[in-house]
Amino acid sequence: MGQLIAFNRPDGSTCRGYLATATGDGKARPGVVVIQEWWGLNDQICGVADRFARAGFNALAPDLFQGRVTQAPDEASHLMNGLDFPGATHQDIRGAVDYLRTLGNGRVAAMGFCMGGALTIAAAVHVPGVAAAICFYGIPPADFADPAKIRVPFQGHFANKDDWCTVAAVDGLASAMRSAGQSPDIHRYDADHAFFNERRGEVYDAACATQAWERTVAFLQQHTA
């Protein structure tokens, strides 16, 4: 189990986050910034951070909504629409990356789900020190974070039945990256949006989630160890 901490943002203020650290042989570990869905920093996201710690990574999930958590879609939409996305990227996520770089081996990846997936792409474009990025079913507006500008190893997990990150939108992301000379590792699943979230039984797909997790860990081991 991890714990809530406060870490510094570049502007000198602090952000709260859930930190789960790898234990064992004392070896310096890579880090992963886990970026929340629009529900907030809830138990499910903290559980993902714990899973990364058990897999050998130091994981930090910044609290982008400053303590607010919901299970209601309308309220979640309101919270997401009220989020300062540049501030979350350049302050909260960058602060989390900087914190983890001092805690482990200096190699830190960003990863996230839905809203957090879009912010993962933003971090890959804008945040210095991000060594790799793993996006689950989230794509930001290109005028905020153009995927063609990603210059770090990138893995994407997308759902074929997703009506937000549609097949066409994923095709566009992959095409933009490849046209810029990048080689994104894109995986598509015959599943619904949020298929990784085991607490949403109406969309959770255990087989797809397991496969995506195994690919995620292998990708991180390759690019952050």
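Does GLY17 meet the test of being out of contact with any Lys or Arg (no Cβ under 9 Å at 6 or more places or on another chain), touching a residue at least 24 places away in the same chain (Cβ under 8 Å) and assigned to a strand (DSSP E or B)? Walk me through it before giving the result.
Details: out of contact with any Lys or Arg (no Cβ under 9 Å at 6 or more places or on another chain): yes; touching a residue at least 24 places away in the same chain (Cβ under 8 Å): yes; assigned to a strand (DSSP E or B): yes.
Spelling it out, GLY17 is indeed out of contact with any Lys or Arg (no Cβ under 9 Å at 6 or more places or on another chain), touching a residue at least 24 places away in the same chain (Cβ under 8 Å) and assigned to a strand (DSSP E or B).
In a residue-by-residue description of the range 157-167, the property of being surrounded by 21 or more Cβ atoms within 10 Å (Cβ to Cβ), over 16 Å from the mean Cα position of the chain (by Cα) and not hydrophobic (A, V, I, L, M, F, W, C) applies to at least one position. Candidates are the residues of the range 54-110 that are among the hydroxyl-bearing types (Ser, Thr, Tyr) and in contact with a helix residue (DSSP H, G or I) (Cβ under 6 Å, 6 or more places away or on another chain); the one that is surrounded by the most Cβ atoms within 10 Å (Cβ to Cβ) is THR89. Residue pairs whose Cβ atoms lie under 8 Å apart, separated by 6 or more positions or on different chains, with the first residue in the range 213-225 and more than 11 Å from VAL108 (Cα to Cα) and the second assigned to a helix (DSSP H, G or I) and not hydroxyl-bearing (Ser, Thr, Tyr), are TRP213/ARG51. Within the range 74-96, one or more residues are under 20 Å from GLN221 (Cα atoms) and not in a loop (DSSP other than H, G, I, E, B). Being touching a Ser or Thr at 6+ places or on another chain (Cβ under 8 Å), over 30 Å from GLU202 (Cβ atoms), among the hydrophobic types (A, V, I, L, M, F, W, C) and in contact (Cβ under 8 Å) with a residue 60 or more places away in the chain, is that true of even one residue in the range 102-125? Looking for residues that are touching a Ser or Thr at 6+ places or on another chain (Cβ under 8 Å), over 30 Å from GLU202 (Cβ atoms), among the hydrophobic types (A, V, I, L, M, F, W, C) and in contact (Cβ under 8 Å) with a residue 60 or more places away in the chain, one finds at least one in the range 102-125, hence yes.
Only one residue in GLY138, GLY172, GLY201, GLY129 is exposed (fewer than 14 other Cβ atoms within 10 Å of the Cβ) and either of a type outside the set (Lys, Arg) or modelled with pLDDT of 95 or more (or both). Which one?
Going through GLY138, GLY172, GLY201, GLY129 in turn, just one is exposed (fewer than 14 other Cβ atoms within 10 Å of the Cβ) and either of a type outside the set (Lys, Arg) or modelled with pLDDT of 95 or more (or both): GLY201.
Would you pick out the residues in the range 33-79 that are of a type in the set (Val, Ile, Thr) and closer than 16 Å to GLY95 by Cα? Once the filter is applied, which keeps residues that are of a type in the set (Val, Ile, Thr) and closer than 16 Å to GLY95 by Cα, the range 33-79 yields VAL33, VAL34, ILE35. Pairing residues of the range 170-185 that are among the small types (Gly, Ala, Ser) with residues that are assigned to a helix (DSSP H, G or I), at Cβ distances under 6 Å and at least 6 apart in sequence or on separate chains, gives ALA176/PRO147; ALA176/ALA148; ALA180/ALA148. The condition of being in contact with a Pro (Cβ under 9 Å, 6 or more places away or on another chain) and hydrophobic (A, V, I, L, M, F, W, C) holds for only one of ALA142, ALA133, ALA191, that being ALA133.
Give me a count of the residues in the range 126-169 that are touching a residue at least 12 places away in the same chain (Cβ under 8 Å) and hydroxyl-bearing (Ser, Thr, Tyr). Even if it seems obvious, please write down each step before you answer.
Taking the range 126-169 first, the residues touching a residue at least 12 places away in the same chain (Cβ under 8 Å) are 126-140, 142, 144-165, 167, 169.
Adding the requirement that they be hydroxyl-bearing (Ser, Thr, Tyr) leaves 137.
Selection size over the range 126-169: 1.
The values are calculated or read from the model by the stated rules, or taken from the named source; none is laboratory data. Because the structure is predicted, anything quoted here is derived from the model rather than measured. Here Cβ is always computed from backbone atoms with ideal geometry, including for glycine, and neighbour counts include all displayed protein chains.
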